[in-house]
Amino acid sequence: MAYRAVFSDIDGTLLNSHNNISQKTVESVHRLNERHIPFILVSARMPQGIFPLQHILGVKAPVICYSGALVLDEEGNTLFESGIDKDDFVNITSYISEQCRDICCSFYSGRDWFAANKNNPCIMEESCIVGIEPKAYGSGSIPGIKAVHKLLCIGPPEKINLLENVLKSGYPFLNIYKSKDTYLEIISGKSSKSAAIKLLQGKLGVTQDELIAFGDQFNDIDMLKYAGLGIAMGNAPEAVKVSADAVTETNDSGGVAKALDFYFS
C-alpha cells in the first residue's frame, strides 16, 4: 500500500519523555515533506501548543486541536468546531469544585486557556509542558467566549477514575476520556480525532486506506482504528496496542521516526 498522509498524536507519541522532538524524527518528517506527503498533528492540545512543533518539523499543514473539537487549515482558519453546552460546563465544574476537591479544572476556548486558580501546582506543571500561561476566570462562571472546546480535569489517578465513571453516566452525550492516568478530558460528543481526520481526508483527496495514524493513549484509539494503518507506540497501554494494526518502539526510542523510515523507505 502506498500511504499518502500521516496523522500523529503529540504527547507520548511524537514527543519523548522530556517533551522534545528528536532530530531523527525531524529528519524523517522532512523526507515526507520532500515527497509532498502531509504530516498532520492531532492532539488534545490547544492551537498555540501545536504551532511551535509544526515550526520545528518544518510542516505547513492543517492541525487537529482538542482531540477534534477544533480543526484549523494551514492558514489557521477554522474548518470545524464544536463546543460543550455552557449549562453542562457550569454543572460539571460546579460538581467538581464541590465534590472533588483533589481535582483541578481548566478549560479551553479557541486559542485561549482559562483556569480558576493559575497557581495550582497541576496548572503550573501543565503550563510548563505546553509553554503557555492560562488566563484567570471565576470558578463556576464563563467569560464572554464563543465556545468551550475542552474541559481538562487533573488529579490523582484513583480520583480521576471515579470522576470519569460519574461523568460518563451523567453525560453520555459528551466525549469523556483519559489522555493519561491523571488527566480527564471532556469535549463535545460531535468531536473525535477520527471525525476530524475524515474531514481533512476529503480535503487532501486521499482514501482511508492511504492514511497512517500514530498514537499512545485511549483518546487515540478511534483514529488508530480508522486509519488504514494505525500504529500504537511501544509505551502505550495494552488496550491501545491491541486496537492498532502495528506497534512501533516507544516515544523515547524514536518510534515514530523508525516507523516512518520503514513504511516510506
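Can you tell me how many residues in region 167-179 are part of a strand (DSSP E or B) and farther than 15 Å from C105 by Cα? First the steps, then the outcome.
So in region 167-179, the residues part of a strand (DSSP E or B) come out as 175-179.
Now restrict to residues that are farther than 15 Å from C105 by Cα: 175.
Number satisfying all stated conditions: 1.
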**Request:** Examine region 98-107 for a residue that is more than 26 Å from H55 (Cβ to Cβ), at pLDDT below 90 and either surrounded by fewer than 20 Cβ atoms within 10 Å (Cβ to Cβ) or outside the structural domain of E158 (by TED's automatic domain parsing) (or both), and state whether such a residue exists.
**Result:** yes
**Request:** Go through region 220-259 and give me each residue that's of a type in the set (G, A, S), closer than 20 Å to F39 by Cα and in a loop (DSSP other than H, G, I, E, B).
**Result:** A227, G228, A244, G254
**Request:** Search region 222-238 for residues that are closer than 19 Å to G254 by Cα and pair each with any residue that is of a type in the set (F, W, Y) when their beta-carbon atoms are under 6 Å apart and the residues are at least 6 apart or on different chains.
**Result:** I231/F214
**Request:** Name the one entry in D252, D216, D220, D261 that is among the acidic types (D, E), crowded, with 23+ Cβ neighbours inside 10 Å and in contact with a Ser or Thr (Cβ under 7 Å, 6 or more places away or on another chain).
**Result:** D216
**Request:** Please specify each residue of region 216-261 satisfying the condition of being closer than 13 Å to I10 by Cα, charged (D, E, K, R) and touching a Leu at 6+ places or on another chain (Cβ under 9 Å).
**Result:** none
**Request:** Could you please tell me which pairs satisfy a Cβ distance under 9 Å, a separation of 6+ or placement on different chains, a first residue in region 158-172 that is within 19 Å of D88 (Cα to Cα), and a second residue that is surrounded by fewer than 13 Cβ atoms within 10 Å (Cβ to Cβ)?
**Result:** L163/Q99; V166/Q99
**Request:** Assess whether S22 counts as being under 22 Å from I176 (Cα atoms), of a type outside the set (A, V, I, L, M, F, W, C) and more than 13 Å from the chain's Cα centre (by Cα).
**Result:** no
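For every residue, the table says whether it meets (1) buried (at least 18 other Cβ atoms within 10 Å of the Cβ); (2) in the same structural domain as E133 (by TED's automatic domain parsing); (3) under 18 Å from Y177 (Cβ atoms); (4) of a type in the set (F, W, Y).
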site: L14; (1), (2), (3), (4): yes, no, no, no
site: L70; (1), (2), (3), (4): yes, no, yes, no
site: D73; (1), (2), (3), (4): no, no, no, no
site: N77; (1), (2), (3), (4): no, no, no, no
**Asked** What number of residues within region 133-147 satisfy the criterion of being assigned to a loop (DSSP other than H, G, I, E, B) and either at pLDDT 95 or above or hydrophobic (A, V, I, L, M, F, W, C) (or both)?
**Response** 3
**Message:** Need the failing condition index for L32 against (1) under 30 Å from N161 (Cβ atoms); (2) touching a residue at least 12 places away in the same chain (Cβ under 8 Å); (3) out of contact with any Gly (no Cβ under 9 Å at 6 or more places or on another chain), just the number.
**Reply:** (1)
**Message:** I'd like the full set of residues that are crowded, with 20+ Cβ neighbours inside 10 Å and either among the hydrophobic types (A, V, I, L, M, F, W, C) or part of a strand (DSSP E or B) (or both), limited to region 148-166.
**Reply:** V148, K150, L151, L152, C153, I154, I160, L163
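Quick check on S82: is it surrounded by 15 or more Cβ atoms within 10 Å (Cβ to Cβ), of a type in the set (S, T, N, Q) and within 24 Å of K203 (Cα to Cα)? Before you say what the answer is, go through the steps one by one.
Working: surrounded by 15 or more Cβ atoms within 10 Å (Cβ to Cβ): yes; of a type in the set (S, T, N, Q): yes; within 24 Å of K203 (Cα to Cα): yes.
The answer is yes for S82.
The values are calculated or read from the model by the stated rules, or taken from the named source; none is laboratory data. Because the structure is a prediction, the values reported are computed rather than measured. Every residue, glycine among them, receives a Cβ derived from its backbone with ideal geometry; neighbour counts consider all protein chains shown.
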